[in-house]
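I have placed the structure first, in the form of structure tokens, so that the comments after it can refer back to it.
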Amino acid sequence: MIEERTLQLQHCMYQYSRAIYRSIKDLIDPYSDRESQIESRRAVLESCEHTMERLAKDPLYFAKPDRALFQDIRRYFPITAQAEVAWAVQAGVTAASQFIEEQIEAGALDGGVARCRATTRKGKPCQRTPLPDRDYCPSHQHLEARAAA
Ligand SMILES: [Zn+2]
């Protein structure tokens, strides 16, 4: 079952991936023919999406995601654009990584898995899975009603 929160996260990561793609798509080899350009754009977009998907799924163990993405796509750009592409990729991936880190710090994620936001009687974070579209698990759902009131 895919958690609602994971879907929301995927949607956010998709926005980051589109932002990176938009910032570099016009730098794709301008001297190749139209068909190759379309192919290249598709490949670059796919690489951006794969990187963001992997970052969302495995945020704690994906080392240097910006360099991985740049290595994947650099061949689609002319030498003169490489520095600009590297910079854009780094900026975009850094923004996405920071977003993921904030989600983890806020307790929304635990290595990609949503957890109930309640604290147990022993003072530890509840480890149970929240109800769909909710912040709390079945045992703690009364806390959500209280927060909303
Ligand atoms: Zn709970």
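The values are calculated or read from the model by the stated rules, or taken from the named source; none is laboratory data. The structure presented is a predicted model; accordingly, all values stated were derived computationally and were not measured. Cβ coordinates were reconstructed from backbone atoms using ideal geometry, including for glycine residues, and neighbour counts include every protein chain displayed. Areas reflect the complete protein model, heavy atoms only, side chains present, ligands, DNA and RNA absent. Shrake-Rupley method; radii C 1.70, N 1.55, O 1.52, S 1.80 Å.
One table, with the values for the structure above:
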item	result
Close pairs from the range 115-135: first under 19 Å from GLU105 (Cβ atoms) and β-branched (Val, Ile, Thr), partner in a loop (DSSP other than H, G, I, E, B) and within 8 Å of the ligand (Cβ to nearest atom), Cβ under 8 Å, at least 6 apart	THR119/CYS126
Any pair with Cβ under 8 angstrom, 6 or more apart, that starts in the range 59-81 at a residue that is touching a residue at least 12 places away in the same chain (Cβ under 8 Å) and ends at one that is in a loop (DSSP other than H, G, I, E, B) and open to solvent by 40 Å² or more (accessible area, probe 1.4 Å)	TYR76/ASP29; PHE77/ASP29; PRO78/ASP29; PRO78/PRO30; PRO78/TYR31
Those helices (runs of 4 or more DSSP H) lying entirely in the range 50-149 with at least 3 residues at pLDDT 80 or above and within 16 Å of the ligand (Cβ to nearest atom)	141-148
From LEU9, LEU27, LEU45, LEU60, residue being under 22 Å from GLU102 (Cβ atoms), of a type outside the set (S, T, N, Q) and open to solvent by less than 80 Å² (accessible area, probe 1.4 Å)	LEU9
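Residues are listed down the side, and each one gets a yes or a no for (1) at negative phi; (2) surrounded by fewer than 13 Cβ atoms within 10 Å (Cβ to Cβ); (3) under 14 Å from the mean Cα position of the chain (by Cα):
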| position | (1), (2), (3) |
| --- | --- |
| ASP33 | yes, yes, no |
| ARG41 | yes, no, no |
| THR51 | yes, no, yes |
| GLU84 | yes, no, no |
| ALA88 | yes, no, no |
| VAL93 | yes, no, yes |
| GLU101 | yes, no, yes |
